Amino acid sequence: MSQRKSIKETIAPREKAYLVGVDWKAIPDGKYSPDAWPVEESLIELDQLANTAGLEVVGRTSQKLEKPNPATFIGTGKAEEIAAEVRDREVDVVIFDDELAPRHQRELERAFGKGVMVMDRTGLILDIFAQHARTREGALQVELAQYEYRLPRLTQAWTERAMTRQAGGRAGGSTGGVGVRGPGETQLEIDRFAIRRRISQIKRELEAVRASRSRQRHQRRREGLPTAALVGYTNAGKSTLLNALTGSTVYVADQLFATLDPTTRRVTLPGGAIVLFTDTVGFIQKLPTDLIAAFRATLEEVLEADLLVHVIDVSHPHAIEQMRAVFATLKEIGAAELPLVNVLNKIDQLEDPDSACAALCDVSDSVAVSALTGRGLGALLGKVEEVLESEMRRIKVLLPFDRGDLVSLIHERGLVLKETHQEGGTLIVGQVPDSIASQLAEFSA
């Protein structure tokens, strides 16, 4: 018993968080989609985010507003009410479900008292991203997003608090040597300069990552392998689906943003063709534009894909709203026009799995599956094959006899309608994906 007690006593208590939401009478400055979730539902998701970040949520509140208060974002009376709750419950962090301007953050920290950190949804998501980045690329992207978020919010007290949390392992990532060196406005300017310098350095490193990814994609194109990018709301089951389709062991956890770094695996379709499936970072409602921009190197995997496989948690009570959030993000990054297959995942969690399609009756090109049990995976691969074939281009090419590699490529990746041997080479009429058609352009007959 004494040993158990000793171990328990060594476990550090979790920081206490208090959540604040706003029920907008009108969406401010067109900041969020008109399809934004009800405030209580959005706070439930914020609670999940906080728990994923390792925080203990001890309370929550909301206020109906027409527009933000210029000083404290919420009303002054509401701010005083929260300050009393913070004192009574010994709160460490107050988290707002909306993005706060730097001035709001500063005024609220003054209102809530010394030692209480104020952060918004963006800051919390960055905190989670920092914990879950497992590759050099992921760490760089998170660090860039963190610094670009923090720079306009940089104050002596806020920097000290943020860097203390980071040093304690909560925020992760490299600080690039930036920290609190002493009091005074001059020191803050030194810190701002150091952060700007580090941002420039990270961007150069990420450009090298982008170039490397571009070379990898070019090589895949040369091999004629089509690519399918798994996209979807966070925790919809993308990584579980990739593991189920490929037998791989990509990290999976029942939490938001469990994986950030893209993973690519080969999948054989029913007709024998090979497709590269890439798992990508999950999306979420109220995802800021600058945060999306920081992950450009990763999201290019989505833009360059031949097909998007949109994974939807059909068991979630807000599956429709999650779908809309994903489509809004795809539109924002310029991927809304790509061919798409909708995967209604987690049907094993429904009382009547056969009703999965009915639950999302407006979803076209959809397949109901359970990545956990394997149900429907064959139908999914058949749908992927069908959509990819529908995107093929008709070709008529005369290939030299010494280009047997291209003949094999067309047979492997395309559909041969006619093949004859002539004096100048092999004449083939058929259909191939765009990625292969570009390689065959010089041999058009």
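Candidates in segment 265-285 are the residues that are buried (at least 21 other Cβ atoms within 10 Å of the Cβ), at pLDDT 85 or above and in contact with an Asp or Glu (Cβ under 9 Å, 6 or more places away or on another chain); of these, the one that is farthest from LEU43 (Cα to Cα) is VAL275. For the structure I just gave you, tell me whether LEU256 is at pLDDT below 75 and either crowded, with 19+ Cβ neighbours inside 10 Å or in a strand (DSSP E or B) (or both). So LEU256 passes the test.
For residues that are basic (Lys, Arg) and assigned to a helix (DSSP H, G or I), scanning just segment 111-139, find the one that is surrounded by the most Cβ atoms within 10 Å (Cβ to Cβ). Across segment 111-139, the extreme among qualifying residues is ARG121. Scanning segment 32-66 for residues that are closer than 22 Å to PRO102 by Cβ and free of Cβ contacts under 8 Å to residues at least 40 places away in the same chain yields a total of 0.
Exactly one residue among LEU43, LEU19, LEU49 is within 23 Å of the chain's Cα centre (by Cα), at pLDDT 90 or above, part of a strand (DSSP E or B) and within 15 Å of ASP120 (Cα to Cα), and that residue is LEU19.
If you go through segment 364-391 and keep only what is touching a Leu at 6+ places or on another chain (Cβ under 7 Å), assigned to a loop (DSSP other than H, G, I, E, B) and either closer than 17 Å to GLY430 by Cβ or not small (Gly, Ala, Ser) (or both), you end up with ASP365, VAL369. Only one of GLY123, GLY138 is within 26 Å of the chain's Cα centre (by Cα) and more than 21 Å from ASN51 (Cα to Cα); which? Testing whether each residue is within 26 Å of the chain's Cα centre (by Cα) and more than 21 Å from ASN51 (Cα to Cα) leaves just GLY138.
Here VAL142 fits the description: in contact (Cβ under 8 Å) with a residue 60 or more places away in the chain and either farther than 24 Å from LYS203 by Cβ or surrounded by 22 or more Cβ atoms within 10 Å (Cβ to Cβ) (or both).
Considering LEU417, LEU372, LEU360, LEU388, the condition of being touching an Asp or Glu at 6+ places or on another chain (Cβ under 9 Å), among the aliphatic types (A, V, I, L, M) and either exposed (fewer than 15 other Cβ atoms within 10 Å of the Cβ) or at pLDDT below 90 (or both) is satisfied by LEU388 alone. Residues that are among the hydroxyl-bearing types (Ser, Thr, Tyr) and touching a helix residue (DSSP H, G or I) at 6+ places or on another chain (Cβ under 7 Å) were ranked within segment 60-104; the one that is surrounded by the most Cβ atoms within 10 Å (Cβ to Cβ) is THR72. Test THR420 against the stated conditions and say whether it is hydroxyl-bearing (Ser, Thr, Tyr) and more than 30 Å from LEU344 (Cβ to Cβ). Spelling it out, THR420 is indeed hydroxyl-bearing (Ser, Thr, Tyr) and more than 30 Å from LEU344 (Cβ to Cβ). Candidates in segment 203-235 are the residues that are at pLDDT 90 or above and among the hydrophobic types (A, V, I, L, M, F, W, C); of these, the one that is nearest to ILE320 (Cα to Cα) is VAL231.
Under the condition of being without any contact (Cβ under 8 Å) to a residue 60 or more places away in the chain and touching a strand residue (DSSP E or B) at 6+ places or on another chain (Cβ under 8 Å), the residues counted in segment 382-429 number 31. Flag set for ASP98, criterion: in a loop (DSSP other than H, G, I, E, B), within 28 Å of the chain's Cα centre (by Cα), charged (D, E, K, R) and modelled with pLDDT of 90 or more. When segment 71-127 is filtered for residues that are in contact (Cβ under 8 Å) with a residue 60 or more places away in the chain and among the charged types (D, E, K, R), the ones remaining, listed by number, are GLU85, ARG89, GLU90, ASP92, ASP97, ASP98, GLU99, ARG121, ASP127. Among the residues of this structure, VAL86 counts as one that is within 18 Å of GLU109 (Cβ to Cβ) and either under 30 Å from the mean Cα position of the chain (by Cα) or not assigned by TED's automatic domain parsing to the domain that holds PHE327 (or both).
Inside segment 334-355, residues that are in a loop (DSSP other than H, G, I, E, B) and hydrophobic (A, V, I, L, M, F, W, C) make up a count of 4. On inspection, LEU100 does not qualify as touching a Phe, Trp or Tyr at 6+ places or on another chain (Cβ under 9 Å) and closer than 30 Å to ARG210 by Cβ.
Are there any pairs, at least 6 apart or on different chains, whose C-beta atoms fall under 9 Å, with the first in segment 261-273 and of a type in the set (Asp, Glu) and the second crowded, with 17+ Cβ neighbours inside 10 Å and assigned to a strand (DSSP E or B), and if so, which? Sorted first by the residue in segment 261-273, then by its partner, the pairs are ASP261/ASP279. With respect to the conditions (1) surrounded by 20 or more Cβ atoms within 10 Å (Cβ to Cβ); (2) not in a loop (DSSP other than H, G, I, E, B), ALA305 falls short on a single one, namely (2). Report whether or not GLU107 is of a type in the set (Asp, Glu), assigned to a helix (DSSP H, G or I), surrounded by 20 or more Cβ atoms within 10 Å (Cβ to Cβ) and in the same structural domain as SER42 (by TED's automatic domain parsing). It is true that GLU107 is of a type in the set (Asp, Glu), assigned to a helix (DSSP H, G or I), surrounded by 20 or more Cβ atoms within 10 Å (Cβ to Cβ) and in the same structural domain as SER42 (by TED's automatic domain parsing).
The values are calculated or read from the model by the stated rules, or taken from the named source; none is laboratory data. Only a predicted model underlies this, so the values are computations on that prediction, with no experimental measurement involved. For neighbour counting, all protein chains shown are included, and Cβ atoms are generated from backbone atoms with ideal geometry for every residue, glycine included.
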